[in-house]
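What follows is one structure encoded as C-alpha coordinates, with my remarks underneath.
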Amino acid sequence: MKKIIAFVVFAFLTGCAELNTVVNQIPDLSKLPAMTPALTQGDIANGLKEALNKGIEKQVVKLTAQDGYYKNAAVKILLPAELQKVDTKLRQLGMGQLADEGLKLLNRAAEEAVKEATPIFVNAITNMSFTDAKNILMGQNDAATMYLKNSTSTALYGKFNPVIERSLNKVGATRAWASIIDKYNAIPLVTKVNPNLTDYTTNKAMEGVFKMIAVEEGNIRTNLNSRTTDLLKKVFELQDKK
(Lines give C-alpha, C1' and ligand atoms only; values in the text may rest on other atoms or scores of the structure.)
Protein backbone atom coordinates (compact mmCIF):
# COMPACT_ATOMS: atom_id res chain seq x y z
CA MET A 1 0.00 0.00 0.00
CA LYS A 2 2.82 2.34 0.88
CA LYS A 3 4.39 1.61 -2.49
CA ILE A 4 1.18 2.53 -4.29
CA ILE A 5 0.88 5.83 -2.41
CA ALA A 6 4.51 6.67 -3.13
CA PHE A 7 3.96 5.99 -6.84
CA VAL A 8 0.89 8.25 -6.95
CA VAL A 9 2.74 11.08 -5.18
CA PHE A 10 5.67 10.70 -7.59
CA ALA A 11 3.39 10.78 -10.64
CA PHE A 12 1.59 13.83 -9.28
CA LEU A 13 4.82 15.73 -8.66
CA THR A 14 6.14 14.78 -12.09
CA GLY A 15 2.96 15.98 -13.72
CA CYS A 16 3.18 19.30 -11.89
CA ALA A 17 6.76 19.77 -13.07
CA GLU A 18 5.76 19.15 -16.69
CA LEU A 19 2.80 21.48 -16.32
CA ASN A 20 5.06 24.21 -14.95
CA THR A 21 7.38 23.72 -17.91
CA VAL A 22 4.49 24.19 -20.35
CA VAL A 23 3.21 27.23 -18.46
CA ASN A 24 6.65 28.83 -18.45
CA GLN A 25 6.76 28.48 -22.25
CA ILE A 26 3.63 30.61 -22.72
CA PRO A 27 4.67 34.18 -23.65
CA ASP A 28 3.67 37.12 -21.48
CA LEU A 29 0.77 38.54 -23.50
CA SER A 30 1.20 41.95 -21.90
CA LYS A 31 4.57 42.24 -23.56
CA LEU A 32 3.36 41.40 -27.09
CA PRO A 33 2.86 44.32 -29.52
CA ALA A 34 -0.71 45.34 -30.11
CA MET A 35 -2.23 43.99 -33.32
CA THR A 36 -2.30 46.43 -36.19
CA PRO A 37 -5.83 47.77 -36.53
CA ALA A 38 -7.61 47.27 -39.84
CA LEU A 39 -6.89 49.97 -42.38
CA THR A 40 -9.72 52.41 -43.00
CA GLN A 41 -10.88 53.56 -46.41
CA GLY A 42 -9.15 56.84 -45.69
CA ASP A 43 -5.86 55.05 -44.93
CA ILE A 44 -5.95 53.22 -48.25
CA ALA A 45 -6.82 56.33 -50.25
CA ASN A 46 -4.18 58.38 -48.43
CA GLY A 47 -1.61 55.65 -48.93
CA LEU A 48 -2.12 55.66 -52.69
CA LYS A 49 -2.02 59.45 -52.81
CA GLU A 50 1.18 59.38 -50.78
CA ALA A 51 2.70 56.91 -53.24
CA LEU A 52 1.84 59.12 -56.20
CA ASN A 53 3.11 62.24 -54.48
CA LYS A 54 6.30 60.37 -53.67
CA GLY A 55 6.66 59.49 -57.33
CA ILE A 56 6.34 63.15 -58.26
CA GLU A 57 8.74 64.31 -55.57
CA LYS A 58 11.39 61.70 -56.32
CA GLN A 59 11.15 61.22 -60.06
CA VAL A 60 9.26 64.02 -61.80
CA VAL A 61 11.21 66.76 -60.04
CA LYS A 62 14.31 65.38 -61.75
CA LEU A 63 12.78 66.44 -65.05
CA THR A 64 12.75 70.08 -64.01
CA ALA A 65 16.56 70.28 -63.79
CA GLN A 66 18.64 71.34 -66.75
CA ASP A 67 19.05 68.29 -68.99
CA GLY A 68 16.30 66.55 -66.98
CA TYR A 69 14.76 65.55 -70.30
CA TYR A 70 17.67 66.10 -72.66
CA LYS A 71 20.08 63.69 -70.92
CA ASN A 72 17.49 61.18 -69.72
CA ALA A 73 17.23 58.53 -72.43
CA ALA A 74 13.90 57.30 -71.06
CA VAL A 75 12.11 60.61 -71.66
CA LYS A 76 14.32 62.63 -74.01
CA ILE A 77 12.17 64.43 -76.56
CA LEU A 78 13.25 63.55 -80.07
CA LEU A 79 12.18 65.29 -83.23
CA PRO A 80 8.66 64.67 -84.54
CA ALA A 81 8.45 62.43 -87.59
CA GLU A 82 7.93 65.31 -90.01
CA LEU A 83 11.13 66.95 -88.78
CA GLN A 84 13.32 63.87 -89.04
CA LYS A 85 13.90 64.64 -92.69
CA VAL A 86 14.69 68.22 -91.75
CA ASP A 87 17.34 66.99 -89.33
CA THR A 88 18.82 64.61 -91.90
CA LYS A 89 18.93 67.24 -94.64
CA LEU A 90 20.48 69.92 -92.41
CA ARG A 91 23.23 67.51 -91.39
CA GLN A 92 23.88 66.63 -95.00
CA LEU A 93 24.35 70.34 -95.66
CA GLY A 94 26.79 70.74 -92.76
CA MET A 95 24.27 72.31 -90.35
CA GLY A 96 24.30 69.55 -87.74
CA GLN A 97 25.03 71.98 -84.91
CA LEU A 98 21.90 73.93 -85.79
CA ALA A 99 19.85 70.73 -85.71
CA ASP A 100 21.34 69.73 -82.35
CA GLU A 101 20.54 73.12 -80.84
CA GLY A 102 16.96 72.93 -82.08
CA LEU A 103 16.51 69.52 -80.43
CA LYS A 104 17.99 70.77 -77.17
CA LEU A 105 15.61 73.73 -77.10
CA LEU A 106 12.58 71.44 -77.30
CA ASN A 107 13.83 69.58 -74.24
CA ARG A 108 14.63 72.81 -72.42
CA ALA A 109 11.04 73.92 -72.95
CA ALA A 110 9.74 70.67 -71.46
CA GLU A 111 12.06 71.03 -68.46
CA GLU A 112 10.82 74.54 -67.86
CA ALA A 113 7.18 73.57 -68.31
CA VAL A 114 7.25 70.70 -65.84
CA LYS A 115 8.74 73.04 -63.25
CA GLU A 116 5.72 75.31 -63.55
CA ALA A 117 3.08 72.66 -64.13
CA THR A 118 3.94 70.03 -61.48
CA PRO A 119 1.65 71.61 -58.81
CA ILE A 120 -1.25 71.27 -61.23
CA PHE A 121 -0.48 67.60 -61.61
CA VAL A 122 -0.28 67.12 -57.83
CA ASN A 123 -3.72 68.69 -57.41
CA ALA A 124 -5.22 66.09 -59.76
CA ILE A 125 -4.29 63.38 -57.25
CA THR A 126 -6.66 64.82 -54.65
CA ASN A 127 -9.64 63.82 -56.80
CA MET A 128 -8.94 60.12 -56.29
CA SER A 129 -11.83 58.31 -54.55
CA PHE A 130 -11.59 55.31 -52.23
CA THR A 131 -12.97 53.05 -54.98
CA ASP A 132 -10.29 54.31 -57.35
CA ALA A 133 -7.63 53.73 -54.69
CA LYS A 134 -8.83 50.20 -53.93
CA ASN A 135 -8.87 49.25 -57.62
CA ILE A 136 -5.42 50.74 -58.10
CA LEU A 137 -3.98 48.99 -55.06
CA MET A 138 -5.13 45.58 -56.25
CA GLY A 139 -4.39 46.28 -59.92
CA GLN A 140 -1.34 45.96 -62.16
CA ASN A 141 2.05 47.47 -61.30
CA ASP A 142 1.24 50.61 -63.30
CA ALA A 143 -2.43 50.88 -62.31
CA ALA A 144 -2.02 54.21 -60.52
CA THR A 145 -0.10 55.73 -63.42
CA MET A 146 -2.66 54.52 -65.92
CA TYR A 147 -5.48 55.87 -63.75
CA LEU A 148 -3.90 59.32 -63.77
CA LYS A 149 -3.15 59.13 -67.46
CA ASN A 150 -6.68 58.09 -68.40
CA SER A 151 -8.52 60.40 -66.03
CA THR A 152 -6.45 63.58 -66.21
CA SER A 153 -4.72 63.74 -69.60
CA THR A 154 -7.29 66.07 -71.16
CA ALA A 155 -7.28 68.45 -68.21
CA LEU A 156 -3.51 68.31 -67.86
CA TYR A 157 -3.03 69.02 -71.55
CA GLY A 158 -5.10 72.17 -71.15
CA LYS A 159 -2.80 73.29 -68.34
CA PHE A 160 0.50 72.11 -69.80
CA ASN A 161 -0.02 73.52 -73.29
CA PRO A 162 0.09 77.25 -72.49
CA VAL A 163 3.03 76.65 -70.17
CA ILE A 164 4.87 74.84 -72.97
CA GLU A 165 4.04 77.63 -75.40
CA ARG A 166 5.41 80.26 -73.03
CA SER A 167 8.44 78.11 -72.34
CA LEU A 168 9.18 77.59 -76.03
CA ASN A 169 9.08 81.33 -76.50
CA LYS A 170 11.11 81.94 -73.35
CA VAL A 171 14.01 79.68 -74.35
CA GLY A 172 13.86 80.86 -77.95
CA ALA A 173 12.80 77.50 -79.35
CA THR A 174 9.91 78.91 -81.40
CA ARG A 175 12.16 81.47 -83.03
CA ALA A 176 15.00 78.98 -83.53
CA TRP A 177 12.79 76.36 -85.10
CA ALA A 178 11.08 78.93 -87.30
CA SER A 179 14.53 79.78 -88.63
CA ILE A 180 15.45 76.11 -89.05
CA ILE A 181 12.21 75.30 -90.86
CA ASP A 182 12.54 78.38 -93.04
CA LYS A 183 16.01 77.24 -94.07
CA TYR A 184 14.75 73.77 -94.80
CA ASN A 185 11.70 74.95 -96.74
CA ALA A 186 13.99 77.16 -98.85
CA ILE A 187 15.88 74.09 -100.12
CA PRO A 188 14.82 73.37 -103.71
CA LEU A 189 12.50 70.43 -104.35
CA VAL A 190 11.83 69.54 -100.68
CA THR A 191 8.32 69.06 -99.33
CA LYS A 192 7.66 71.98 -97.03
CA VAL A 193 6.87 71.30 -93.36
CA ASN A 194 5.08 73.31 -90.71
CA PRO A 195 4.75 71.13 -87.56
CA ASN A 196 2.96 72.26 -84.42
CA LEU A 197 5.87 72.14 -82.01
CA THR A 198 3.81 73.34 -79.05
CA ASP A 199 1.36 70.46 -79.35
CA TYR A 200 4.12 67.93 -79.97
CA THR A 201 6.29 69.08 -77.06
CA THR A 202 3.30 69.22 -74.72
CA ASN A 203 2.39 65.60 -75.42
CA LYS A 204 5.99 64.47 -75.06
CA ALA A 205 6.44 66.39 -71.80
CA MET A 206 3.32 64.74 -70.36
CA GLU A 207 4.48 61.35 -71.61
CA GLY A 208 7.74 61.85 -69.73
CA VAL A 209 5.94 62.79 -66.53
CA PHE A 210 3.77 59.67 -66.60
CA LYS A 211 6.76 57.50 -67.43
CA MET A 212 8.72 58.72 -64.41
CA ILE A 213 5.72 58.30 -62.09
CA ALA A 214 5.39 54.73 -63.38
CA VAL A 215 9.03 54.10 -62.45
CA GLU A 216 8.45 55.08 -58.83
CA GLU A 217 5.10 53.28 -58.65
CA GLY A 218 6.84 50.10 -59.76
CA ASN A 219 9.52 50.59 -57.11
CA ILE A 220 6.99 51.04 -54.31
CA ARG A 221 4.98 48.01 -55.40
CA THR A 222 7.92 45.63 -55.75
CA ASN A 223 10.71 47.01 -53.55
CA LEU A 224 10.03 46.97 -49.81
CA ASN A 225 12.81 49.51 -49.21
CA SER A 226 10.91 52.05 -51.33
CA ARG A 227 8.03 52.06 -48.83
CA THR A 228 9.57 54.73 -46.68
CA THR A 229 6.64 55.50 -44.37
CA ASP A 230 4.49 53.37 -42.06
CA LEU A 231 1.39 54.18 -44.11
CA LEU A 232 2.98 53.04 -47.36
CA LYS A 233 4.13 49.81 -45.71
CA LYS A 234 0.70 49.04 -44.25
CA VAL A 235 -1.26 49.88 -47.40
CA PHE A 236 0.96 47.98 -49.82
CA GLU A 237 1.04 44.95 -47.54
CA LEU A 238 -2.55 44.49 -48.67
CA GLN A 239 -1.33 44.33 -52.27
CA ASP A 240 1.36 41.81 -51.34
CA LYS A 241 -1.28 39.49 -49.88
CA LYS A 242 -3.61 39.52 -52.89
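When the residues of segment 214-225 are filtered to those that are more than 14 Å from Gly68 (Cβ to Cβ) and not polar (S, T, N, Q), which remaining residue is modelled with the highest pLDDT?
Going through the qualifying residues, I end up with Ala214.
Has segment 77-93 got any residue that is over 21 Å from Ser179 (Cα atoms) and within 20 Å of the chain's Cα centre (by Cα)?
no
For segment 83-102, how many residues meet the condition of being open to solvent by 70 Å² or more (accessible area, probe 1.4 Å), over 24 Å from Asp67 (Cα atoms) and part of a helix (DSSP H, G or I)?
Count: 2.
Looking at segment 222-242, which of its residues are under 17 Å from Ala45 (Cβ atoms) and open to solvent by less than 20 Å² (accessible area, probe 1.4 Å)?
Arg227, Leu232, Val235, Phe236, Gln239
Quick check on segment 125-148. Is at least one of its residues under 23 Å from Gln59 (Cβ atoms), part of a loop (DSSP other than H, G, I, E, B) and open to solvent by less than 30 Å² (accessible area, probe 1.4 Å)?
Scanning segment 125-148 turns up at least one residue that is under 23 Å from Gln59 (Cβ atoms), part of a loop (DSSP other than H, G, I, E, B) and open to solvent by less than 30 Å² (accessible area, probe 1.4 Å).
Looking at segment 116-125, is at least one residue closer than 26 Å to Gln41 by Cβ, among the acidic types (Asp, Glu) and in contact (Cβ under 8 Å) with a residue 40 or more places away in the chain?
no
State which residue pairs qualify: first residue assigned to a loop (DSSP other than H, G, I, E, B) and inside segment 157-173, second residue modelled with pLDDT of 80 or more and open to solvent by less than 70 Å² (accessible area, probe 1.4 Å) in any location, beta carbons under 6 Å apart, and separation of 6 or more residues or different chains.
Taking only residues 6 or more apart or on different chains, the pairs are Val171/Leu105; Val171/Arg108; Val171/Ala109.
The values are calculated or read from the model by the stated rules, or taken from the named source; none is laboratory data. The structure presented is a predicted model; accordingly, all values stated were derived computationally and were not measured. FYI the Cβ positions are ideal-geometry reconstructions off the backbone, even for glycines, and counts take in every protein chain you see. These accessible areas exclude ligands, DNA and RNA; they are computed on the full protein's heavy atoms, side chains included. Shrake-Rupley method; radii C 1.70, N 1.55, O 1.52, S 1.80 Å.
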